[in-house]
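In what follows, a single structure is set out as structure tokens and then discussed.
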Amino acid sequence: MPKINPQAPTDFTGIETSKPATEAAGFSAVFSSMKHVFGAMPVRRGLKSLLNLNQKGGVDCPSCAWPDPDGERSKIAEYCENGAKAIAEEATTRKVTPVFFQKYSVSQLSQKSDYWLGQQGRLTQPLVLREGQTHYEKISWEESFKLIGNQLNSLPSPDEAIFYTSGRTSNEAAFLYQLFIRMYGTNNMPDCSNMCHESSGSALGETLGLGKGSVKLDDFEKAEVILILGQNPGTNHPRMLSALEKAKRSGAKIISINPLIEAGLLKFKHPQELRDVLFGGEILTDIYLQIRINGDLALLKAMNKLLLEAEQKSGNVFDKDFIFNQSENYENYIESLESENLEQLSEACGIALDEIKAATQLIIDHKKIIVCWAMGLTQHKNSVVTIREVVNLLLLKGSIGIEGGGTCPVRGHSNVQGDRTMGIYEKPPKILLDNLQKVFDFDPPRKHGLDTVASIKAMSEGKVKVFIAMGGNFLSATPDTEFTAKALQNCDLTVQISTKLNRSHLIHGKTALILPTLGRTDLDLQINGEQFVTVEDSMGVVHSSKGVLEPISEHLLSEPAIVAGMAKATLANKNLDWDKLVANYDHIRDLIEKTIAGFEKYNYRVRQDGGFYLPNLPRERKFGTDSAKAKFSINELETIQLLECEYIMMTIRSHDQFNTTIYGLDDRYRGIYNERRIIMMNEKDMAEAKLEKYQVVNLFNHHGGIERVAEKFIVVPYNIPRKCVATYFPEANVLVPIDSFADISKTPTSKSVVITIKALS
Ligand code: SF4
């Protein structure tokens, strides 16, 4: 059997670099959007999808989960450059047909880059790779579902199957999927949240009683201070820049905390704002703290200690009414804070004390404080305690559940929050299981299932024989690529429900299925007519998304229809009329309304302009904790100690990428072009290591005594703190150890991986 390469090939594509940009968006973003959209489809189709993108009753962007304005939306373009790229990627008219798979074997395809695989187009028909075969071939839907049903029912236990969910899955599909899986008998439901904001959910759930952010979009215009930690909104949540611009123009101060100086945090040029076009955009960040990787907990502790010192001096920094009436554990927390040493904390985060004091002064002087964060805070061993320290800061100021103040974990995938709300969770709450039992008259499994890391290990140990993925690119999104590849290849059956070709289709079980599904932009015609689905954004707004484009193939099924097909072929329990649910998704929403709190009058309210907000107690200054109070927490600081030859690596996205989807080879804002196999290094570190610009190196990780190698990376001198380096994922995910994950949340530590670097001759 020819070698199948789980990693992207190491061929270089011809690097070029320039000075990083100092502003984001502007007309270059418009040109880039148009280039991608009209390069992938005819103008008419492109315009139709863009003019409906993020419009009320239109298509919800399948990329990040930044909310749409509740009120007026731009009629010209209510989307950003990366939203347009996501549409280009999904609505392309390029097709990957069964003929394509006759031409290319799996092994040949595995020698292609992720970018090349994605550029081949949309999958058009169900495909099967039978045991011992080298090429995928077409298969009927009926035979596909039968194959899945037989395989699942042949397992000694339902716990020998894994059901993964990517964050693009709609509420309706996610609800049916979890229902099918629980009726089948397992809670093995890892999802992409395990790898992104699980740490946020754990910390916020514990301290505030709800694992979601508390602010609304219009809070930004009312905020006085906005802290942005471990987030690069210019690339990953670009419309957030509009909210930051409005906040600035309303007088807010912005403190950005990031190891890299990101253009999107410096200045925003809104292409639809005449003022920006004429006068050159809005400066965003007032104080930029270029922190050492994983220095956030030390910095937050230093800020909270400085707040305490100011409170002890003036007595009017803390919101004492809030603290003494609506929080607990304050005294213990203050005692722990008093024992902290500012100089040591400054040293640990790599920020001079004067800079920390200047930033903290803004917090001392103001009440309405929003703290935003993303993966730069959630993918470390100490992520949960770091986010708990964020909450401590807001509790001291009483900046929770007020206009212009609160928590804002910004979700990276359009419905990752909605999927969890629908019950996609390996640790389901008792209330959900009780309601499922009541509404559907079956006994759902109550034993907790496997999260992403545990699923990979179970496959590796041969304890799991079937892996089914609803969307996503599991292999490339997960850590320890070579280990994960072997684990997937240990399965008897792997099933990928996808819109486009990706590397997870090439690393497969003995038998493999690819099931092509409709995308967000596609018209979804069912027996009762055109259907819409619903999603939930980062701020808990449930809203509709309705496809507008003719699907590129008549053989595509919607996600709900695929779940129904698998369920009918697998479940002995025939009580549920899956076809009726697929015929009209209103029926699915009626069942969601009966099962999950907050969805009263679901079908009516979601048809109202912009949808509706789910209940959010912290937003109302109420807390769903066991004491009904917000909780201060004491968070021990552990710093990563490096040997002289070691560096701490963070994996990041380029500007031409969304998660594992590669839109292009450029990272325009960082001045890196036409190459993804790069490592950004501090020039002083390069000099010490005797490394030259563009020198080719191998990268190593030795966690747990296992050597992991990422071959052939190009050294790029970059403004990054000493002993810190950055690489792109998925190329560097091979270095992220499967056994290295956040305490409590088990999120892989993709933002702090200890590596060594060896020059190739
Ligand atoms: S900000 Fe996010 S959701 Fe909005 S258009 Fe851009 S990528 Fe899509």
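The values are calculated or read from the model by the stated rules, or taken from the named source; none is laboratory data. Quick caveat, the model's predicted, so the values are computed rather than measured. Please note: Cβ atoms are built from the backbone with ideal geometry, for glycine as well, and neighbour counts cover all protein chains shown. Side chains included, ligands, DNA and RNA excluded: accessible areas come from the protein's heavy atoms. Shrake-Rupley method; radii C 1.70, N 1.55, O 1.52, S 1.80 Å.
Which of (1) within 26 Å of Ile356 (Cβ to Cβ); (2) open to solvent by less than 30 Å² (accessible area, probe 1.4 Å) is the odd one out, the single condition Gly281 does not satisfy?
Evaluating Gly281 over (1) within 26 Å of Ile356 (Cβ to Cβ); (2) open to solvent by less than 30 Å² (accessible area, probe 1.4 Å) leaves (1) as the failure.
In the stretch 652-662, how many are within 15 Å of the ligand (Cβ to nearest atom) and either open to solvent by 10 Å² or more (accessible area, probe 1.4 Å) or not hydroxyl-bearing (Ser, Thr, Tyr) (or both)?
Residues of the stretch 652-662 that are within 15 Å of the ligand (Cβ to nearest atom), as a first pass: 653-659, 661.
Add one more test, that the residue is either open to solvent by 10 Å² or more (accessible area, probe 1.4 Å) or not hydroxyl-bearing (Ser, Thr, Tyr) (or both), and what stays is 653, 655-659, 661.
The number of residues fulfilling the criteria is 7.
Could you list, in sequence order, all residues of the stretch 559-585 that are within 28 Å of the chain's Cα centre (by Cα) and either within 30 Å of Asp218 (Cα to Cα) or of a type in the set (Phe, Trp, Tyr) (or both)?
Tyr585
If you go through the stretch 100-120 one residue at a time, do you hit one that is farther than 30 Å from Leu614 by Cβ, outside the structural domain of Leu571 (by TED's automatic domain parsing), open to solvent by 10 Å² or more (accessible area, probe 1.4 Å) and away from the ligand (no atom under 16 Å from the Cβ)?
no
Looking only at residues in the stretch 237-278 that are of a type in the set (S, T, N, Q) and open to solvent by 30 Å² or more (accessible area, probe 1.4 Å), which one is nearest to Leu227 (Cα to Cα)? Give the derivation first.
Here is the first cut: in the stretch 237-278, the residues of a type in the set (S, T, N, Q) are 242, 250, 256, 258, 272.
Add one more test, that the residue is open to solvent by 30 Å² or more (accessible area, probe 1.4 Å), and what stays is 250, 272.
Numbers: Ser250: 16, Gln272: 26 Å.
Looking at residues that are of a type in the set (S, T, N, Q) and open to solvent by 30 Å² or more (accessible area, probe 1.4 Å), I get Ser250.
With respect to Gln125, determine if the residue is assigned to a loop (DSSP other than H, G, I, E, B), open to solvent by 10 Å² or more (accessible area, probe 1.4 Å), of a type outside the set (Phe, Trp, Tyr) and touching a Lys or Arg at 6+ places or on another chain (Cβ under 7 Å).
Here the answer is yes, as Gln125 does meet what is asked.
Which of the residues that make up the stretch 377-389 are assigned to a helix (DSSP H, G or I), within 18 Å of the chain's Cα centre (by Cα) and either within 20 Å of Met649 (Cβ to Cβ) or of a type outside the set (A, V, I, L, M) (or both)?
Correct list: Leu377, Thr378, Ser383.
Say we look at the stretch 49-62 and pick out the residues that are open to solvent by less than 10 Å² (accessible area, probe 1.4 Å) and aliphatic (A, V, I, L, M); which of these is nearest to the ligand (Cβ to nearest atom)?
Per the criteria, the residue is Leu53.
Can you tell which of Ile640, Ile678 is surrounded by 22 or more Cβ atoms within 10 Å (Cβ to Cβ) and in contact (Cβ under 8 Å) with a residue 24 or more places away in the chain?
That would be Ile678, the only listed residue that is surrounded by 22 or more Cβ atoms within 10 Å (Cβ to Cβ) and in contact (Cβ under 8 Å) with a residue 24 or more places away in the chain.
Out of Ala65, Ala88, Ala84, I need the residue that is farther than 26 Å from Met566 by Cα, within 16 Å of the ligand (Cβ to nearest atom) and in a loop (DSSP other than H, G, I, E, B). Which one?
Working: Ala88 fails: in a loop (DSSP other than H, G, I, E, B); Ala84 fails: in a loop (DSSP other than H, G, I, E, B).
From the options Ala65, Ala88, Ala84, the qualifying one is Ala65.
Looking at (1) within 13 Å of the ligand (Cβ to nearest atom); (2) crowded, with 18+ Cβ neighbours inside 10 Å; (3) more than 20 Å from the chain's Cα centre (by Cα), find the lone condition where Ser74 falls short.
Unmet for Ser74, out of (1) within 13 Å of the ligand (Cβ to nearest atom); (2) crowded, with 18+ Cβ neighbours inside 10 Å; (3) more than 20 Å from the chain's Cα centre (by Cα): (2).
Yes/no matrix, rows are residues, columns are (1) in contact with a Lys or Arg (Cβ under 7 Å, 6 or more places away or on another chain); (2) acidic (Asp, Glu); (3) open to solvent by less than 10 Å² (accessible area, probe 1.4 Å):
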site	(1), (2), (3)
Ser627	no, no, no
Met650	yes, no, no
Leu665	yes, no, no
Lys693	no, no, no
His703	no, no, no
Ile706	no, no, no
Pro721	yes, no, no
Asn733	no, no, yes
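If we only count helices (runs of 4 or more DSSP H) wholly inside the stretch 411-463, which ones have 2 or more residues that are out of contact with any helix residue (DSSP H, G or I) (no Cβ under 8 Å at 6 or more places or on another chain) and open to solvent by 20 Å² or more (accessible area, probe 1.4 Å)?
Of the helices (runs of 4 or more DSSP H) lying wholly inside the stretch 411-463, those with at least 2 residues that are out of contact with any helix residue (DSSP H, G or I) (no Cβ under 8 Å at 6 or more places or on another chain) and open to solvent by 20 Å² or more (accessible area, probe 1.4 Å) span 430-440.
Regarding the stretch 173-187, can at least one residue be identified that is open to solvent by less than 20 Å² (accessible area, probe 1.4 Å) and outside any helix (DSSP H, G or I)?
yes
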